[in-house]
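Shown next, in structure tokens, is the structure this report addresses.
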Amino acid sequence: MILAGILLKLGTYGFLRLAIPLFPGIAMHDTVRTAILALSVIGVIYGSLVALVQPDFKKLVAYSSVAHLGMVMLGLFAMTTESVQGAMMVMIGHGSRPARCSSSSG
């Protein structure tokens, strides 16, 4: 529960509040953005495919959380107002879902 509930969002929040504002030139550089967007797409696809084959519900929730946070990174590095707001909404909505799902699965 701690991994999905806190640690995954800590990294995306760090990008949102520290990395992008402190290093805007690097964050806006085409090579860096392309690399992060590519890694985010790979994370979404990998997390989704691994979640599909999980027999254990807690592991399914964990891998789907990884896929959701890949979508957040896609939103952050699309660098539009709407995409950043959408990424923040996904982070807020994602805040309690993994903890509820993990605790209800036993």
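The values are calculated or read from the model by the stated rules, or taken from the named source; none is laboratory data. Given the structure is predicted, the values throughout are model-derived calculations rather than measurements. Glycine also receives a Cβ, built like all others from the backbone with ideal geometry; neighbour counts cover every protein chain displayed.
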How many residues are loosely packed, with under 12 Cβ neighbours inside 10 Å and either in contact (Cβ under 8 Å) with a residue 12 or more places away in the chain or farther than 16 Å from GLY75 by Cα (or both) when one looks only at the range 25-40?
2
Lone qualifier among SER65, SER105, SER40 - being hydroxyl-bearing (Ser, Thr, Tyr), in contact with a Phe, Trp or Tyr (Cβ under 8 Å, 6 or more places away or on another chain) and modelled with pLDDT under 90:
SER105
Mind listing whichever residues of the range 76-100 are loosely packed, with under 15 Cβ neighbours inside 10 Å, modelled with pLDDT under 85 and not aliphatic (A, V, I, L, M)?
GLY93, GLY95, SER96, ARG100
Pairs with Cβ under 6 Å, 6+ apart, first in the range 67-79 and farther than 8 Å from SER40 by Cβ, second of a type in the set (S, T, N, Q) and at pLDDT 90 or above
ALA67/SER48; GLY75/SER83
